[in-house]
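The values are calculated or read from the model by the stated rules, or taken from the named source; none is laboratory data. Note that the structure is predicted; figures quoted are calculated from it, not measured. Positions of Cβ are backbone-derived with ideal geometry, glycine not excepted, and every protein chain shown enters the neighbour counts. Keep in mind that these areas ignore ligands, DNA and RNA; they rest on the heavy atoms of the full protein, side chains included. Shrake-Rupley method; radii C 1.70, N 1.55, O 1.52, S 1.80 Å.
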Amino acid sequence: MLRLTNLPARESVTVAPVMNATGLPLSLPPDNPLAALRQELGLGDEKPVTISDVLVNRLLLAFQSHGYQATQVEKARAVFSDRSTEIAKLVEEARVAGLKGLVVLAMLRRWDDSRWVDTRAVFVSMDVTVARISDGQVLDMRTIRNQPVPVGAATTIVQATDDAARWLAERLL
C-alpha cells in the first residue's frame with residue numbers, strides 16, 4: 001500500500017525537488033520534433049524536462065487536490081538549492097526559509113521505462129518521507145520497490161511518464 005496515512009489534514013506542504021538517485025539523467029525528449037532535433041544536436045537553449053520534474057509537479061497537484069496548501073515548485077527549488085538527500089537537512093533549510101507545515105522528500109531509486117510499450121508499465125523504486133518543519137518529526141515514510149506502474153494507453157514516452165507520475169502521486173495520498 002502506497003498511501004501516506006499519518007499526515008495532518010489541511011496543512012501547508014512543501015514538496016522538495018525529487019532526488020534522482022538512479023545514476024541516469026532521466027531527461028524527456030521535447031514533444032516538438034524540431035525541438036527534439038535541436039536538443040539532440042546540442043543546439044537547444046532550454047533545459048530538458050526530467051522525470052524528476054514531472055514527479056514533483058504531480059506530487060504537488062496531488063497534495064493540492066487533497067486540500068493541502070502547497071508551496072510553488074519554483075519557491076521550493078530556491079529553498080532546497082543543494083538538493084539534500086536527508087530529511088533533517090531539508091527541515092532545517094525549510095525553517096531557515098520561513099516555511100511552515102510539512103516538507104516532502106521523494107527519492108527516485110529506479111525508473112525503468114525501457115519496456116513500457118510492451119508491458120504498458122514503468123517500473124519504479126522510490127522512497128517518500130514527510131516531516132513536520134516545526135520540530136523535524138518524521139510523520140510518514142513509504143518505500144516503493146520495483147512497482148510496475150501502469151501507463152495505460154500512452155502513445156509517447158512523455159505521456160507514459162506523466163501517466164506513471166500521476167498514478168504514483170494519486171496512490172500516495
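Please identify which residues in segment 1-28 have an amide N closer than 16 Å to a label point set 7 Å out from the Cα of GLN69, following the Cα→Cβ vector. The answer is 8-15, whose backbone nitrogens lie closer than 16 Å to the label point. Solvent-accessible surface of the chain, averaged per residue with a 1.4 angstrom probe and all protein chains in place: 52 square angstrom. Semi-axes of the equivalent ellipsoid of segment 52-144 are 26, 14, 13 Å, computed as sqrt(5λ) over the eigenvalues of the C-alpha gyration tensor in descending order.
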